[in-house]
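Working notes, beginning with the structure itself.
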Amino acid sequence: MQFETNKSEHYKRKDYCDNDKTKLFLSVVVPLFNEEESLEKLYSEICSSLEKIEGGVQLIFVDDASTDNSLSVIRKIAERDKRVHIIAFRRNYGQTAALQAGFDHVCGEVVITMDADLQNDPNDIETLLRKIDEGYDVVCGWRKKRKDKTLRKLFSMVANFLISWLTASTGQKVHDMGCTFRAYRKWIVKEMKLHGEMHRFIPALAALQGATVTEIEVNHRKRLYGKSKYGFERVFKVVLDLVTIRFFTTSATRPMYFFGKISAVLTCVGLMICGLVALLQLFFNSGFNVNSYLLILMMTAFIAVQFVVLGLLGEIIMRFYYESNDKTFYCTKDLS
């Protein structure tokens, strides 16, 4: 079965789950971009790792508009294995969109995501599944002994520290947010919509929905073919997404608190500056122009009011979103 996107970011939804009489236990989602040399070996290793797994299995390869022969290789694999399904993008949308497309089409009760560059070891799939069996909803791979270049590992360490710090409010401690090798229960990926570069923050977003998150150390191998698709330009994107995720993990349902705190800080800073200038003028005759610090006070007060207005607009949008779509602020468990 093959899927192609239309020219927008919406995907043609063809639900083949209902037509399959065999209930699927596992779906493996593999986003890929220009990985033609590694795909046959990756497929072989995945198949070997799945031999011990009982229940139906589904393999979804999402081609992010590769410019090499990756799509042709996957098509040949799909011709000889009916478990393989293909989603082909018309243009490059990025890894987050590729994962979302895979999530839209998964049928298994458990979902595994992994990279196509052979750096993730498919033999660890069984280890992830054993952790899921312990009752966790999300199991993250931790590349404790990474085989990447030193500079990339350094940037990754800094990014993981910032992500962990900014998402600490979720109560989940994950060392390696950049690792795609993870296991999810189906309800997690079906209730999640990813945008931007948000695939890194799935554990934090899942924790907001009440999911139990853990991590295990996984084997990380040296890249054999091709080159890394991650450049330093992604650092800027990650920083912006961090601001977004911080907002969603702390104030998504109460934007007035978020913007109100900023407003209060700005007001206090303005008052402190004006008070300091006034004291210097009063006791030391520093010669400051009164109009100068009055202008500072007016500017900080004006900006503070703007943040209050942003908070009010955020409250209106948030309430309209939840009420018009009949959504709730909470998530409940399925007790069936």
Q.
Longer than 27 Å from Cα to Cα, which of Lys23/Lys147; Lys76/Lys144; Lys131/Lys186; Lys76/Lys145; Lys41/Lys147 are they? Say none if no pair is.
A. Lys23/Lys147; Lys76/Lys144; Lys76/Lys145
Q: Taking amide H positions as placed in the peptide plane 1.01 Å from N, state which residues far from Ser66 in sequence (5 or more) or on other chains have amide H under 5 Å from it.
A: Asn34
Q.
List the residues, sorted by chain then number, that are 5 or more residues from Gln58 or on another chain and whose placed amide H is less than 5 Å from its amide H.
A. Leu26, Ser27, Val28
Q. Using 18 Å as the cut-off for backbone N distance, which residues of region 34-58 belong to the label zone defined by a point 7 Å from the Cα of Glu79 along Cα→Cβ?
A. 36-37, 39-41, 43-44
Q) So how far apart, in nm, are the two label points at Lys222 and Lys23 if each is 7 Å from Cα heading toward Cβ? A) 4.6 nm
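Read-outs: derived from the displayed coordinates by stated rules, not from any lab. Everything numeric here is computed off the predicted structure, so don't read it as measured data. Cβ: placed from backbone, ideal geometry, glycine included. Neighbour counts: every protein chain shown.
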